[in-house]
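See below for the structure under consideration.
The values are calculated or read from the model by the stated rules, or taken from the named source; none is laboratory data. Please read these numbers as outputs of a predicted model, since none were measured by experiment. A quick note on method: Cβ atoms are made from the backbone with ideal geometry, for glycine too, and the neighbour counts reach across all protein chains shown.
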Amino acid sequence: MLRFLLKLIICLALAIAAGLILLAARSGDVIYTAYEWISPARFHQFDNLIRTVAATHELDPMLMKAVVWIREKSEALGNAA
């Protein structure tokens, strides 16, 4: 019985891991998704500001967040224009 439960737990863990990998792969940017899952507070701290500015300029908040993220990433790499 114990051996069965151990195998069941391993199968469930593998299924959950496969599901998370599939969700991350379908997100379009696996690295961003992984970072967001690891540290959710870091990725949501400016959401209210982004929503406010996006509404002011009648833009999609997710588009605005993506632009901010890409800009921040390029500045960190030293590719800022």
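Give me the residue from the stretch 19-53 that is assigned to a helix (DSSP H, G or I) and of a type in the set (S, T, Y) and, out of that set, farthest from E72 (Cα to Cα).
Our first condition is that a residue be assigned to a helix (DSSP H, G or I); within the stretch 19-53, this holds for 19-26, 30-38, 40-44, 47-53.
Still in the list and also of a type in the set (S, T, Y): 32-33, 35, 52.
Numbers: Y32: 12, T33: 16, Y35: 14, T52: 19 Å.
Among them, the one singled out is T52.
List pairs: first in the stretch 55-73 and under 22 Å from I31 (Cα atoms) and without any contact (Cβ under 8 Å) to a residue 40 or more places away in the chain, second assigned to a helix (DSSP H, G or I) and not acidic (D, E), Cβ under 6 Å, 6+ apart or cross-chain?
Taking only residues 6 or more apart or on different chains, the pairs are P61/I50; P61/R51; P61/A54; M64/I50; M64/A54; K65/I50.
Hey, could you check the stretch 30-69 for residues that are among the β-branched types (V, I, T) and modelled with pLDDT under 85 and say which is farthest from L20 (Cα to Cα)?
I31
From (1) exposed (fewer than 11 other Cβ atoms within 10 Å of the Cβ); (2) hydroxyl-bearing (S, T, Y); (3) within 11 Å of the chain's Cα centre (by Cα), pick out the condition that doesn't hold for T56.
If we test T56 against (1) exposed (fewer than 11 other Cβ atoms within 10 Å of the Cβ); (2) hydroxyl-bearing (S, T, Y); (3) within 11 Å of the chain's Cα centre (by Cα), just (3) comes out false.
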